[in-house]
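Some notes on the structure that comes next.
Throughout, read-outs are computed from the coordinates displayed, never taken from laboratory work. Predicted model only: the values in this text are computed from it and were never measured. A quick note on method: Cβ atoms are made from the backbone with ideal geometry, for glycine too, and the neighbour counts reach across all protein chains shown.
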Amino acid sequence: MKSSWIRLLAASLTAAFAVTSTLTRADSGSSNVAPLDRGRFVMPYGFSLNTGDRILSFEDDLDEEEDIGLESVDGNRLFVPGNTDKAWLLDPDTFKRLSSAGQRAALAVNGMLGVRRHGGQFTALTSLFSEVASGDNIRVNNPALDTNFRTHSETSIAVNGNNIIISFNEFNFNGYGVSTDGGNTWSHRRTPDPPNGFNLGDGVVAFGPNGECYYAGLAFVPANTGGTKSIIGVAKSTNNGATFSTPFDASTTASNTTDMLDKEWIAVDRTNSAFKGNVYASWTDFTLSGSFINFSRSTNGGSTFEPPIPLSLQDGSRVVQGSVPAVAPNGDLYVAFSDGHSSIGGIGIVKSTDGGKTFSAEKKVASVIGSSTLTGGGGVRTNSFPSVTIDDRGTVHMVYGSLTLSQLDRSDIFYVRSTDGGATFGSPLKLNDDVTTNTQVSPSIAVASDGTLGVKWWDRRNDPIGDSLTDVYMAISHDGGASFGKNFRISDHNWTFAPIEPGFAGGYHGDYDGIAADGGNFYLSWSDERNGQADAYFSQVPASRDPGTPDFNISAGKLFDEVVAGSAATFDFNTSAGNGFSGTLNLSASPAISGVTYNLASPSVTAGGSATLTVLTSATVEPGSYLITVTATGGGLTRKSNSRLTVLSPSRFAGVPSNASRSKGFTSLQAGFKVDATGTAHVVFDDDSVKVRSTEVFYVQSTDGGMTFSNSVKVSGASALATQSTLALDSAGNPYIAWTGTNPIPANGTFATLVVRSTDHGNTFSTPVIASGAARSAQSPKIAVDKNGNIVVAFVDASLTGTPVFAVRSTDGGTTFTAPARISPTGETVGNPPFVALDSNGAAYVVYQDSAQQISTIKLAVASNGQTFGSSKIISDTQVTAFAPQIAIDRLDNVYVTFYDRFGLTTPVFNREIIVTKSTDKGNTFGPQVNVSNNSGQSTFPSMIVDDQGRVSVAWEDTTDDPQRDVFVARSTDGGATFGRPVNLSANSARSFGAFGGTDASGNIFVAWTDDVGANTDVYLASLSPSALGPPDFTLGSVSAIVTVPRGRRVQLPVSINRFAGFSGNVTLTPPDLAGLKAKAVDFTTSANGGVLSFKLKALGVTGPQVLTFTGQDGAGRTRSYIFVLIIQPAQ
């Protein structure tokens, strides 16, 4: 089922990796080595202390693990691996300011946009196109034209009589729908690319005075001097949108190989002024030294554009974005934009009275607090960019979304106007009239011929509990903006935002939508995910629309559930009546799914009542994610709402994941999960539900194996900010919690590590104590408690060069802490948060990643007395890059460290594998490095789990079954020497990541992670019993995943067949092809339990790390792999 989301190159990339014999170059320290994987000091969906924003992108994705996969044969000409002209765009502070299309362009030009390598299937929604919307809501795009992508978002709309054009981003980022009959029927078309280049989206359409239509967008083209340059492309149609020309370069002299031109908008003078027919384009110009609003114009119908002129300050800052030009009836031109300069602090505007030749100084329109990120699949990035229209009297009307003073409301819609030609603006008027603290965002405005104003936006008022279900609402003013009528609903089917397609930047659900007016009607366009994907929708609304027309709504009360096939799930739906609507609503459920039966408690309800839907699944239902729609009809109206159901395989050997946090906001598990000996699961997480501009730390526990959880308790007190929470337990099962917070003593620094503890098993907590002492910017803490109650906290100080690791200790239960002791020496650069563990004698062990060199290494420092640390030492292989270590110590004081290695296949394609290494002598020496994951996906960010019976498990996130990431776990019953087949715990179509595990006294394993499979991000928990080893299966293993040999020597590489859960079948082993190694005397001897590959390396030949893959196939055709890194040294 996941196959429908996989792009065309996926099969070839997977095949290239998963062949039965492989020999490729490993990641090494050569001069052309790719950048190191980015660290994860804050988990995705957590709060960034650097930018003050929600982290939507998986920053560790922004490396060169992905092939350059743009959909054109010209891709190699434009996007050359190693070209760093636009690498600066990936700086987090710059990247977050780009538009959605701009972010994708930045990824593309840096070789980071393409197809992940994976060998499994991707669970797409089964009911992608359950029904074509009817009535007021019409889908504009044609799903039959979808090829590699199925996202159609960021709409704009232009109207000229019966001719309507709606632009949207899609597969080639140049899609549009055209209607020549007033919107009754639509044709889905695409504009051409620029010569030898690519369209990149941010489409905007506008009609000219003679019926010609212009389509503006971002594009990349080859530069005459070599490399790639960013342009603003403007295409033109003279046949009502049937076809468009190739784009003209509207940016002219502004385009170059280093700048990134972003977030363009166009307007055309359709008045009878002296400037009639002028085409105006504005955009944001991102340069190495800052960004500014730029502008150009065409006076010859778009054939050529004049050199651009800047409209905002060029002072090295990056605080302007989202410009919008608008033409007044007398030909005056206004350009409004978001401006974060202290002199504006919101929205500014400039004006031209000479057709765009010169502009006035910028004036302030309104102070704005930027809208907060919304929950939804992958997060929903928002903005507070203005939308502008000008009526026949010259009044300038503007709308935008903004935070209010409420800590609970992520955005409201505001309107301002100027009646004196933009000289001054009135006070903002809030337009949304709901009585909830739910979200309203992304407004747009238009004015009809009689001066009637129409404003539309995304609105979540119909989901007062979850703030997730989204509708489109509208308000109309008949008095020039002095007042607005009652809000009314446009959409007839609300939705939650689906997971973002692979290949799109985090939070990509569209930055804007459109509204236009012609005659006495408003024409609306918006991106809508009612079908489980982003589609472009259209509706026509008369300016005379009565907002008091009777109506009703149906909304899902329970938006998500998951069951094992053969089980049932129950969903509740709530209805409401508005404007005097009354009567009976008839109910039905869809779509038809083989093996699924719908049972409504009642086939009808009275408007205002609730309904219950039971979904029964048979054991034969195909596992996957299903979108279920309940339809209500009554009074000649039809309204719909969705819920999602994930069906898990009946052969699943893990419990059904349960929701531990159950919040309406962004929840992120940073490292806060432990299980005590009694089986109580303790969970600490960051959450912004009650403080949307910040985040707080909450605690919950489960005493029934994760089936139910206690109500959440805020433990971070009155701190203005609390994030990066983590957890430890003492020997009695009492939780100790540490987090990063605003330093209560500002003179001592910006951020501090704070600690609380509970002495009653989590019922109450102490007052927070500063643990980080004099550290100026203590971040990413990890905490451990020994059997005597001594506490050790490790953290980094981001105020110092290299982000060094420090540790503090408390011997009085956390009342006081020692001064910070530096662990990582000068010259090192810490690339991921440190982790700490304590042995039975109170010795402290801290692992961290040193990224100072081209090959990052894993280092360990030990304090035998729990306080004084010796010099750190490398415990990973120095010729293979290693990342993200974690540590655990068992009851015998065996020290386990896990991390992931990055193996190079062909630059810039990598494979990442989970590694475990073990020390039986208190960290003095470590044994072989064992490859736990052994798959074709990207296996990253592991977590160790050890129990008192000597069993060892590792949980991690993996792209093998889903490019969006799943959570896997693998177990060892022989102390970490071999591991069983990985089990997919999350198994859904969403992003599942940040796994942490624990075990109880009986050996039951519990794994918690963050997941956006529901409408919001939440913490989920799944468990496995010690006997649940899965179906009979086998894996391949060896003594070590990394072997070092000099040339001229004989090499022996053993591979073992590890059998689990009673597997007794025969396995055929295939060794790697060694032709590229210049090997001789090759021999491969096999037995029922494994084999040995023996060969001699000639004295001359390749050196450095090489990847070798053994494969085994059983009688059922199942193939398993074991991946070695053979490090070949010069002959000695």
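Candidate cross-link partners of residue 363 among the aspartates and glutamates, defined by an alpha-carbon separation under 15 Å and a same-chain spacing of 8 or more, comprise 339, 420. Of the residues 468, 876, 698, the one whose Cα sits farthest towards the positive end of the charge dipole of the chain is 876 (charges of +1 on Lys and Arg Cβ, -1 on Asp and Glu Cβ, taken about the Cα centre).
On a straight-distance basis, which aspartates and glutamates could pair with residue 1098 in a cross-link, Cα separation under 18 angstrom, same-chain partners fewer than 8 positions away excluded? The reachable aspartates and glutamates, counting only those whose Cα sits under 18 Å from residue 1098, are 1073, 1083. Note: segment 556-648, Cα convex hull, 74 Å³ per residue.
With point charges of +1 on the Cβ of Lys and Arg and -1 on the Cβ of Asp and Glu, referenced to the Cα centre of segment 556-648, which listed residue (568, 619, 581) lies farthest in the positive direction of the dipole? Final value for the positive-end residue is 581. Here the label points at residue 430 and residue 1066, each 7 Å from Cα along the C-beta direction, are separated by 7.6 nm in the simple model.
Toward the positive end of the charge dipole of the chain, with +1 on the Cβ of Lys and Arg and -1 on the Cβ of Asp and Glu, the farthest Cα among 108, 819, 537 is that of 819. The largest-to-smallest principal axis extents of the Cα set in segment 899-1030 are 45, 42, 25 Å. I need the calculated FRET efficiency for the pair residue 588 and residue 272, taking r as the beta carbon distance and R₀ as 45 Å, to the nearest 0.05. Taking R0 as 45 Å, the efficiency between residue 588 and residue 272 is 0.25.
Roughly how many debye, to the nearest 20, is the charge dipole of the chain about its Cα centre, given +1 on each Lys and Arg Cβ, -1 on each Asp and Glu Cβ, and no other charges?
Value, rounded to 20: 1840 debye.
With the simple spin-label model, which puts each label point 7 Å out from Cα in the Cβ direction, the residue 225 to residue 572 separation comes to 6.5 nm. What shape does segment 995-1036 take by its C-alpha gyration tensor, where a ≥ b ≥ c are the square roots of the eigenvalues and a/c under 1.5 counts as rounded, a/b above b/c as prolate, and the rest as oblate? Cα axes put segment 995-1036 in the oblate bin. Each Lys and Arg contributes +1 and each Asp and Glu -1, all at the Cβ; summed about the Cα centre of segment 594-685, the dipole is approximately 220 debye. Within straight-line reach of residue 236, meaning a Cα separation under 25 Å, sit the following lysines at least 8 residues removed in sequence or on another chain: 263, 276, 357. In the chain, the longest principal axis of the Cα atoms and the axis of helix 8-17 are about 10 degrees apart.
Would you mind checking the pairs 873/1078; 351/486; 96/664; 859/1080 and listing those with alpha carbons more than 31 angstrom apart? In this structure, 873/1078; 351/486; 859/1080 lie more than 31 Å apart at Cα. Take every DSSP beta bridge with both residues inside the chain and express the antiparallel ones as a percent of the total, to the nearest 5. Percentage antiparallel, nearest 5: 95.
Between [x] 1.03; [y] 0.94; [z] 1.72, which entry matches Cα Rg over 2.2 N^0.38 Å as derived from the coordinates of this structure? The value matching this structure is [y].
Rounded if a/c is under 1.5, else prolate if a/b beats b/c, else oblate: with a ≥ b ≥ c from the C-alpha gyration tensor eigenvalues square-rooted, which is segment 1037-1129? Prolate, because a/c is 1.5 or more and a/b exceeds b/c.
Averaging Cα coordinates gives a centre for segment 360-387 and one for segment 788-865; these two points are 40 Å apart. About the centre of its Cα atoms, segment 556-648 shows a dipole size close to 240 debye [charges on the beta carbon of Lys, Arg (+1) and Asp, Glu (-1) only; nearest 20 debye]. Here the simple spin-label model places points 7 Å from the Cα toward Cβ, and for residue 922 and residue 799 these points are separated by 3.5 nm.
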